[in-house]
Amino acid sequence: MKTVANLTSLLEADMICAQLRAFGIETFLPDQGMVLMQPLYSEAIGGIRVQVADEDYERACAILSASPEEPAA
């Protein structure tokens with residue numbers, strides 16, 4: 001497993017996971033249990049890690065770094 005994002009909010013981490021899952025990439029939040037029990041520990045443990053399988057790492061990074069399309073005016 002490799003970390004593709006490190007966030008301070010569980011909500012942000014869930015949104016990243018949803019985005020990656022939409023592209024067929026499975027995700028894992030190893031810090032989710034700790035933050036659910038003690039939300040203020042998020043910063044103390046260095047944030048909430050979003051992890052993917054090694055073989056999905058480069059694709060996940062490309063998806064996360066792509067800028068979203070501008071909404072139609």
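Things worth noting here:
- Any hit, the stretch 48-64, residues being loosely packed, with under 10 Cβ neighbours inside 10 Å, modelled with pLDDT of 80 or more, closer than 16 Å to Ala5 by Cβ and among the hydroxyl-bearing types (Ser, Thr, Tyr): no
Yes/no matrix, rows are residues, columns are (1) within 18 Å of Ala66 (Cβ to Cβ); (2) touching a strand residue (DSSP E or B) at 6+ places or on another chain (Cβ under 8 Å):
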| position | (1), (2) |
| --- | --- |
| Ala5 | yes, yes |
| Cys17 | yes, yes |
| Ala22 | yes, no |
| Glu26 | no, yes |
| Leu29 | no, yes |
| Gln32 | no, yes |
| Val35 | no, yes |
| Leu40 | no, no |
| Ile45 | no, no |
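- Close pairs (7 angstrom Cβ cut-off, 6 or more residues apart or separate chains): touching a residue at least 12 places away in the same chain (Cβ under 8 Å) and open to solvent by 60 Å² or more (accessible area, probe 1.4 Å) in the stretch 1-29, among the hydroxyl-bearing types (Ser, Thr, Tyr) and assigned to a helix (DSSP H, G or I) anywhere: Lys2/Tyr57; Thr8/Ser42
- Residue count for the stretch 15-52, restricted to those that are in a loop (DSSP other than H, G, I, E, B), aliphatic (A, V, I, L, M) and either in contact with a helix residue (DSSP H, G or I) (Cβ under 9 Å, 6 or more places away or on another chain) or on the phi > 0 side of the Ramachandran plot (or both): 3
- Remark: pairs (first residue in the stretch 42-68, free of Cβ contacts under 8 Å to residues at least 40 places away in the same chain; second residue in a helix (DSSP H, G or I) and open to solvent by less than 60 Å² (accessible area, probe 1.4 Å); Cβ separation under 6 Å; 6+ apart in sequence or on different chains) = Ser42/Val35.
- Test: residue in the stretch 3-10 that is more than 8 Å from the chain's Cα centre (by Cα) and part of a loop (DSSP other than H, G, I, E, B): yes
The values are calculated or read from the model by the stated rules, or taken from the named source; none is laboratory data. In this text, all values refer to a predicted model and were calculated from it rather than measured experimentally. We place every Cβ from the backbone using ideal geometry, glycine too, and count neighbours over all the protein chains shown. All accessible areas refer to the heavy atoms of the entire protein, side chains included, with ligands and DNA or RNA removed. Shrake-Rupley method; radii C 1.70, N 1.55, O 1.52, S 1.80 Å.
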